[in-house]
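Here the structure comes first, spelled out in structure tokens, and everything after it is commentary.
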Amino acid sequence: MKKTIFPIITILAIVLLIFLPYFIGAYLLHVLMTIFIYMTLALSWDMMLRTGQLSFGVAGFFGVGAYASIITCSRFGFNPLVSILFAGFFVALIALGLGFAVLKLRDIYFSVTTLAITMVFSVIIRNMPRLTGGASGKVIPNVIFNGDSTKTYWLILSLALITILISEVFNRTKIHFAINSIRNDEIIARSSGINIFGYLLFVFLISSVLQGMAGAIYTQQYRFVSPETTFSLDFLLLPMAMALVGGIYSTWGSVIGALVLGFASEYLKLFMPYGHLIIYGIMIVLIILFLPKGIYGTTKDKIITHKIEKKSLSE
Amino acid sequence: MLNLEKTNKSLKKTLIAFIIFLIVVGIWKPLALVYGIQRGGLYSLIGLPLALILGIVGILNLAHGDFLTLGLYIGYIFFNSWSIDPLISMAPLFFILFGLGMVIYSILIKRVLKAEHLNQLLLTFGISMIIIELIKIIWTTRPRSVYTSYASSVTLGNMSIGMYEFIYPAMAIAVLVILQLFLKKTRLGQAASAVGQNPKGAEIVGINTNVVYLVVFSIAFGIIGVAASVMLPRTPVFPLSGNPYTLKSFALVAMAGLGNLNGILIGGITLGVAEAIVQSIPGYEGWSDVVFFGILIAVILLNAYRRPES
């Protein structure tokens, strides 16, 4: 029974999400768009984490995608949609090159190197003022779709849905076993004939492209880039907190986390214009200390143990 | 003991290379050398506590720079409310951050000592965020500064050199010497070195690792307090003023290797001088940050490829 219900619910939810702009106000739509962008980042970060590699490079690829899109738009007159695709392609090229270097690293060395690479990106962009506008940033004349928020929403929604789809594919095909075994024990993974580097590069590439495209869409929406705001560590910290709160190593964890924290911080903004982001830091610390599996992981565990108990009782 | 001789030899080689490097720069760009030594001293002073925590407690503290910011703000309060000179408030700052380190260790760090590295990194990242946002809530983002009469530049001929900044390398050396004395001569220090080398072995021979971790963590925080008060007269204070030092300090540790405190000083001054050279080339001032990150990435990659894959 469960097998037939699940696709129906999914299709209903997608249809509901598509027609949502006709029912809700502009403000809520805007909040949802932001949440979907962060959801994409959170999920793509989590995809990399499932291989056991903690990447701090989210903000870097986000920013590179944003700049690639803006520059092709303003300099070479690309159509915004084409420029977003180009941004994805450009980030893929960079991630491919970097992947060969950094994916041999493990543990804190991988994390810190990706963080340093983010910094290097922002320094390079700040020092190429002719192309990138330097420290003051760059503005393009037109917002994507001439500011039609319904179309923008659909664009962002489709990116989020594609990300969810990819994440589910990763979780339901044999890739899942390969990635899990790499995370758990690389020696065993290698002796089972898994091409560790190949899988890492594949996941790294896909997650970076998603991050780059998220950055491209985000800036097309606001038509503005600057090294400070585009490479802001918020684009790393918020997605991380979302994935952690929801539950890492799962698709729905990041989705739930993004919704919970996205709405919570939007609500907090009303009371605390300064420093409402502290909620993210507190959440990260509390979750790490007390609920390492996150909301989704913990509830799922509870349900499973409940079922097992029930079964053993009835027997 | 055999090993020790070998490290002594390699240390001598590094030292000679280091001195030659300094002399060459001194002839080529004397001003860059002076600036570089001053700044490198500061980098080493800030890098030492990170190295201490990473080497002995085994935790990479990503909130390192933000505790430095916190120290700067506390020093600013001392100056602003009670007009206590930053160099005098060094002592209270040491103890305040020492206490803070104790609290942070006992409440938070202690719980993740045995957890995965991932969790440890994320925890300190979360702490970093809390501190930044807390500072924004309490003091807003308005930059503040402390003015002292002695921390101004001296003009020599046609170039101006800040004399005060020579305190950075001096303090770095002083802290390094005291730390080395502590680690080599006191019982607790010897225990700390033992724990740093092999925590399980240290536990087996009866060292209370928990106490060692607590003390080392707190001392490292105390040093952060000292660094904050030393740099206060010449540093603008704002919520992110310490933040870049986290990565820079880690770059130093990655360069020097774990447990090599002397290497921090050599590496810090080398990087400081390299940065000053890049900054002295007209038109390329903005690229100086790449020096640090570039070297960090290069060193990590080199180490990774030099290690045989196993």
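The table that follows gives values for the structure above.
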quantity	calculated
Restraint check, B:Lys29/B:Lys248; A:Lys302/B:Lys110; B:Lys29/B:Lys136, Cα-Cα greater than 32 Å	B:Lys29/B:Lys136
Rg/Rg_ref, the stretch A:176-226, where Rg_ref = 2.2 N^0.38 Å and atoms are Cα	1.68
15 Å beta-carbon shell around B:Met231, net charge (K/R +1, D/E -1)	+1
At least 20 Å along the helix axis (C-alpha) and Kyte average at least 1.6, DSSP helices within chain A	A:2-19, A:80-102
Centre separation in Å (Cα based) which lies between the stretch A:282-315 and the stretch B:160-182	52 Å
Exposure proxy order (Cβ contacts within 10 Å, fewest to most) of B:Phe78, B:Phe98, A:Phe263	A:Phe263, B:Phe98, B:Phe78
For chain B, Kirkwood radius (reciprocal of mean inverse C-alpha pair distance, Å)	20.3 Å
Percent of Cα pairs exceeding the 20 Å cut-off, where the set is the stretch A:24-234	57 percent
Euclidean distance of C-alpha centroids, the stretch A:217-277 and the stretch B:211-251, integer Å	28 Å
Alpha carbon convex hull of the stretch B:19-162, volume per residue in cubic angstrom	163 Å³
Listed residues A:Gly63, A:Gly247, A:Gly281, most fluctuating in chain A (Gaussian network, C-alpha, under 10 Å)	A:Gly281
Other-chain or far-sequence residues with amide H under 5 Å of B:Gly162's (modelled H)	B:Val154
Alpha-carbon centroids, the stretch B:56-123 and the stretch A:49-108: separation in whole Å	35 Å
Peptides ranked, highest mean first, by Cβ atoms within 10 Å: ranges A:169-182, A:229-242, B:220-233	B:220-233, A:229-242, A:169-182
Cα-derived Rg over Rh, computed across the stretch B:51-121 with Rh taken as Kirkwood radius	1.07
For the protein assembly as shown, alpha-carbon Rg and Dmax in angstrom	25.7, 94
Alpha carbon convex hull of the stretch A:218-260, volume per residue in cubic angstrom	78 Å³
Net charge contributed by nearby residues that have their C-beta within less than 14 Å of B:Val211 (K/R +1, D/E -1)	+1
Tail fraction, Cα-Cα pairs, the stretch A:106-213, threshold 22 Å, whole percent	57 percent
Three semi-axes of the equivalent ellipsoid, the stretch B:213-305, Cα gyration tensor, whole Å, largest first	24, 21, 11
Alpha-carbon Debye profile of the stretch A:77-138, log10 I(q)/I(0) at 0.29 Å⁻¹	-1.12
Ascending count of other beta-carbon atoms within 10 Å, so fewest first, for A:Tyr153, B:Tyr284	B:Tyr284, A:Tyr153
Footprinting exposure proxy for A:His306, B:His64 (fewest neighbouring C-beta atoms within 10 Å first)	A:His306, B:His64
Coordinate range along principal axes, alpha carbons of the stretch A:244-289, Å, largest first	33, 21, 8
Calculated Rg and Dmax of the stretch B:98-211 using C-alpha coordinates, Å	20.9, 63
Residue mean of other protein chain beta carbons inside 10 Å, B:181-187	0
Helical segments meeting 24 Å axial Cα length and Kyte-Doolittle -1.0 threshold in chain B (DSSP H)	B:2-28, B:30-52, B:64-82, B:117-139, B:167-185, B:209-231, B:261-280, B:288-306
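The numbers here are math on the coordinates, done by the rules we state, and not lab data. The structure displayed is predicted, hence computed values, not measured ones. Glycine gets a Cβ as well: all are built from the backbone with ideal geometry, and neighbour counts include every protein chain shown.
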